[in-house]
Amino acid sequence: MFKKNSLRFQIFLSMTLLVLVAFAILAFVMVGQYRKQALEYHDERLIDKENQIKMQIQYVFSQTTFPVETIYIPLIFREDIYSIANIQNLNFALYDLDGVLLKSSKASLSPDQDAFFIPQSVLSELSSTLDKRIVEHHELVGRGYQTSYTYITDLQFKPIAILNIPYFENDTFNERALEGSLYRLSIVYFTLLVISLTVAYFISKYITKSLKTIESRLQK
């Protein structure tokens, strides 16, 4: 239909590349924005879950008959830790200030599931932060998850334990939404591509026809 180096071919190629480059740039920006929003969403959700668990822990402290001290935490949360975990739909663990496990909401522990000790590097970083809270980001089998550490205080706001929350990021819904957006975007750009090629065809036809007319007259 077109010669490779003809003007009409060059117009077609330019219009096609313009639409494809615009689609690629917009898709790249969309994916980047999605990842940023997903990260912010998980950070905010982890903070919200953390605050809710801490509020429920404080409520248990206010109702217990045991002294609110580190050594009594396994007794204080003998049953309540499972109730809190079920309400929040999130497992968590309580450690003493030296990083030794006191109580976990998981019924059974294994080295692959829960750590019995908090690393000394984490304890040092936690004690040196201003807000007494740190979050670590990890990757497990292609799935992201976060681990937060923060102090638990007694009713007089004295630190007596460390709250550890492993939070697994579930992006299934967001990924489906992104795929849907990219699919709709591709449909729009495919339509624009067809329109662009159609317009380019008539423009190139008009231009080449005019140039041929000028060339013919110049030859005469």
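The values are calculated or read from the model by the stated rules, or taken from the named source; none is laboratory data. Remember, it's a predicted structure, so these values are computed and weren't measured experimentally. Methodologically, a virtual Cβ is constructed for each residue, glycine included, from the backbone with ideal geometry; neighbour enumeration extends over all protein chains shown. Ligands, DNA and RNA are excluded from the accessible area calculation, which covers all protein heavy atoms including side chains. Shrake-Rupley method; radii C 1.70, N 1.55, O 1.52, S 1.80 Å.
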So, with points 7 Å from each Cα along the Cβ direction, the THR153-LYS205 label distance in nm works out to 7.8
For the stretch 1-105, the per residue accessible area (1.4 Å probe, Å²) is 63
When you count, for each residue, the other Cβ atoms within 10 Å and take the mean per peptide, how do 38-48, 24-34 rank with the highest first?
38-48, 24-34
Net charge of Cβ neighbours under 13 Å - reference LEU97; Lys, Arg +1; Asp, Glu -1:
-2
Compute the signed sum of charges (Lys and Arg +1, Asp and Glu -1) over the other residues within less than 13 Å, Cβ to Cβ, of THR64.
-3
Within the stretch 19-39, name every residue whose backbone N is under 18 Å away from a label modeled 7 Å from Cα of TYR183 along the Cβ vector.
27, 31
Lys and Arg at +1, Asp and Glu at -1: neighbours of GLU125 with Cβ under 11 Å from its Cβ sum to +1
Of PHE28, ALA85, MET15, farthest towards positive along the dipole that unit charges on Lys, Arg, Asp, Glu beta carbons give the stretch 1-104:
MET15
If I model a spin label at TYR59 and TYR82 as a point 7 Å from the Cα along the Cα→Cβ vector, what separation in nanometres do I get?
1.9
With labels modelled as points extended 7 Å from the Cα through the Cβ direction, what inter-label distance (nm, one decimal) is found for TYR72 paired with ASP98?
2.1
Would you calculate the convex hull of the Cα atoms in the stretch 25-72 and tell me its volume per residue in Å³?
57
